[in-house]
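One structure below.
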Amino acid sequence: MPSVIVIGGGISGLAAAWELRGKAHVTVLEAGDRVGGKLRIGTLAGIPVDEGAESVMALRPEAVRLAEEVGLGDSLCDPEPAPVTFWTRGALRPLPAGHVMGIPADPADLSGSGLLSDEGLARLAREEAIPAHPVLADGTNGTDRTDISIAGYLAPRIGQEAVDRLVEPLLGGIYAGRTDQLSLRSALPFLAPVAASDESLLAALRRRREGRRTAPGPKPSVVRGIAGGTGRLPRAVAAASGARVLTSSTALSLERAAGSRWRVHAATEYGPATLDADAVIVALPAHAAATLLGPHSPAAEAELDAVRYAGSAVVTMAFARRWQDGPSPDLNGFLVPPVDGRTIKAATLLSHKWAWQREEAPSKLILRASVGRVGEEHLLGLDDRRLVTLARTELSQALGPLGDLHASKVTRWPQGLPQYEVGHADRVAAIREAVGKLPGVELCGALYEGVGVAACVATGRAAAQRLREE
């Protein structure tokens, strides 16, 4: 069988290794001391907690399907049902059902919610009277560009207040980015055809909602978790793939070997190592990938080096009280609009959201808060005590008194999320075109097709399939 080296042991690289099982001899090089990337399980007062993603998108099937294939099907679980909720204007305010990325198909649904002012609600309701291709703030027509920012499209249609208070907190939770920088085409691809059409945005959202209503069967859960922690997924994939997995092993350089083979020079915990293979899959963040590929493709290196990243931190806390005595059981968490000036951008009540978490710690209330968006890197520089104090104070303001703090844990993810800025799709296309000229080299990861676990799994499996076709 051919040999393949996968550089990067996050879920993208591991999905590639799984796809190649039985068809190639696979070696995975992971610089850290464990596989999984940003899927990681830690412990808090002896309780397992996810330190990265605590769920996977279920509306697209790749991550759920992979979990089933590697033997975690019986551990898949749905969260307790709860509305998307914002902490804004001094209160927790649920977002009515029927929205798409915070935008309601019917503005009347927001009446009485307090999410928008009367002026903001009236501005949103005027969307259908606005020409399909409004003139943007810089004087150009919305259809004159191949890509614009999310705010660049939405603000002229639904108003800046709706963007700031409905869309911005949701996108900040996904990308840790800003709507005036994120690409409509890449970050919200389902809206790009609407922006290019003659249709009203609200009319398009109503059509989308009606289509979903007529779909047969029960309404699926948007996300799913794994009992014991979503961080179990990469470990299960690594074990089931049959690949040789080398942790604490950093790829230092990539060069051509004899014939069409590739050679990787690596630093391992046992010293320098040289590995040869028929093909290489690079499953690394942009700047690390640029270092390896630069000598072979300056064009790819330039595009990869231009990608910006945002960092974030997760503050997980266990309070010494029964979860039943905590905040409303109908609340799984909340998002915070940046315009409200808070430190935290989101919070998750893990004890409420996941039955397995309640069973692990019935006498504790487990919460976590997320901190950090693009431009807020200074927050990650605060020490653990300061971050815990800030998060605890704001959680208490939102939820009421939380009681004694039993234990806390801070997990930082510096440079954790690639920013899908305006022009991102063209950049990805240029990277793929340049790397396509290097036979036996493929790319995968959060940079290319989406930052969620399901999208990462999809890119890993697709990279492996392309190698198989070659």
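Whether any residue in the stretch 387-410 is touching a strand residue (DSSP E or B) at 6+ places or on another chain (Cβ under 6 Å) and either closer than 21 Å to Leu284 by Cα or without any contact (Cβ under 8 Å) to a residue 40 or more places away in the chain (or both) is what I want to check.
No, every residue in the stretch 387-410 fails to be touching a strand residue (DSSP E or B) at 6+ places or on another chain (Cβ under 6 Å) and either closer than 21 Å to Leu284 by Cα or without any contact (Cβ under 8 Å) to a residue 40 or more places away in the chain (or both).
So, in the stretch 82-94, of the ones that are of a type outside the set (A, V, I, L, M, F, W, C) and within 21 Å of the chain's Cα centre (by Cα), which residue ends up modelled with the highest pLDDT? Give the derivation first.
Filtering the stretch 82-94 down to residues of a type outside the set (A, V, I, L, M, F, W, C) leaves 83, 85, 88-90, 93-94.
Narrowing further to those that are within 21 Å of the chain's Cα centre (by Cα): 83, 85.
Values: Pro83: 92, Thr85: 96.
Looking at residues that are of a type outside the set (A, V, I, L, M, F, W, C) and within 21 Å of the chain's Cα centre (by Cα), I get Thr85.
Determine which member of the set Val314, Val245, Val264, Val280 is part of a strand (DSSP E or B) and under 30 Å from Ala346 (Cα atoms).
Details: Val245 fails: under 30 Å from Ala346 (Cα atoms); Val264 fails: under 30 Å from Ala346 (Cα atoms); Val280 fails: under 30 Å from Ala346 (Cα atoms).
Exactly one of Val314, Val245, Val264, Val280 is part of a strand (DSSP E or B) and under 30 Å from Ala346 (Cα atoms), namely Val314.
Please give the strands (runs of 3 or more DSSP E) falling wholly within the stretch 32-116 in which 3 or more residues are buried (at least 17 other Cβ atoms within 10 Å of the Cβ).
On the way: elements: 41-44, 47-50, 85-88, 91-94.
Answer list for the stretch 32-116: 47-50, 85-88.
For the structure I just gave you, tell me whether Ala251 is in contact (Cβ under 8 Å) with a residue 12 or more places away in the chain, under 32 Å from the mean Cα position of the chain (by Cα), farther than 30 Å from Gly73 by Cα and surrounded by 14 or more Cβ atoms within 10 Å (Cβ to Cβ). Please lay out each step first, then the result.
Numbers: in contact (Cβ under 8 Å) with a residue 12 or more places away in the chain: yes; under 32 Å from the mean Cα position of the chain (by Cα): yes; farther than 30 Å from Gly73 by Cα: yes; surrounded by 14 or more Cβ atoms within 10 Å (Cβ to Cβ): yes.
When the stated conditions are applied, Ala251 passes them.
Give the residue that is nearest to the chain's Cα centre (by Cα), with candidates limited to residues of the stretch 171-190 that are part of a helix (DSSP H, G or I) and either among the polar types (S, T, N, Q) or crowded, with 21+ Cβ neighbours inside 10 Å (or both).
Initial filter on the stretch 171-190 (part of a helix (DSSP H, G or I)): 171-175, 184-187, 189-190.
Imposing the further condition that a residue be either among the polar types (S, T, N, Q) or crowded, with 21+ Cβ neighbours inside 10 Å (or both) reduces the set to 171-172, 175, 184-187.
Values: Leu171: 10, Gly172: 10, Tyr175: 6, Leu184: 16, Arg185: 17, Ser186: 13, Ala187: 11 Å.
Among them, the one singled out is Tyr175.
Which of the residues spanning the stretch 111-126 are more than 15 Å from Val339 (Cβ to Cβ) and of a type in the set (S, T, N, Q)? Full working, then the answer.
Residues of the stretch 111-126 more than 15 Å from Val339 (Cβ to Cβ): 111-113, 118, 121-126.
Selection gives Ser111, Ser113.
So, in the stretch 346-400, how many residues would count as being of a type in the set (A, V, I, L, M), in a helix (DSSP H, G or I) and open to solvent by less than 10 Å² (accessible area, probe 1.4 Å)?
The initial filter retains those residues of the stretch 346-400 that are of a type in the set (A, V, I, L, M), namely 346-347, 349-350, 355, 361, 365-367, 369, 371, 374, 379-380, 382, 387-388, 390-391, 395, 398-399.
So of that shortlist, the ones also in a helix (DSSP H, G or I) come out as 350, 355, 379-380, 387-388, 390-391, 395, 398-399.
Still in the list and also open to solvent by less than 10 Å² (accessible area, probe 1.4 Å): 350, 387, 391, 395.
Counting residues in the stretch 346-400 that are of a type in the set (A, V, I, L, M), in a helix (DSSP H, G or I) and open to solvent by less than 10 Å² (accessible area, probe 1.4 Å) gives 4.
If I ask for residues that are under 23 Å from Gly229 (Cα atoms) and acidic (Asp, Glu), which ones from the stretch 345-383 would you list?
Within the stretch 345-383, Glu359, Glu360 qualify.
Check whether at least one residue in the stretch 422-429 is in a helix (DSSP H, G or I) and either over 26 Å from Val282 (Cα atoms) or open to solvent by less than 20 Å² (accessible area, probe 1.4 Å) (or both), and report yes or no.
yes
With the structure loaded, tell me whether Ala17 is outside any loop (DSSP other than H, G, I, E, B), touching a residue at least 40 places away in the same chain (Cβ under 8 Å) and either surrounded by 17 or more Cβ atoms within 10 Å (Cβ to Cβ) or over 17 Å from the mean Cα position of the chain (by Cα) (or both) or whether it fails that test.
Values: outside any loop (DSSP other than H, G, I, E, B): yes; touching a residue at least 40 places away in the same chain (Cβ under 8 Å): yes; either surrounded by 17 or more Cβ atoms within 10 Å (Cβ to Cβ) or over 17 Å from the mean Cα position of the chain (by Cα) (or both): yes.
Yes.
The values are calculated or read from the model by the stated rules, or taken from the named source; none is laboratory data. The shown structure was predicted, so the numbers you read here are calculated from the model rather than taken from an experiment. With ideal geometry, Cβ positions are generated from the backbone for all residues, glycine too; neighbour counts draw on all protein chains shown. Note: accessible area is taken over every heavy atom of the protein model, side chains too, but ligands, DNA and RNA are not part of it. Shrake-Rupley method; radii C 1.70, N 1.55, O 1.52, S 1.80 Å.
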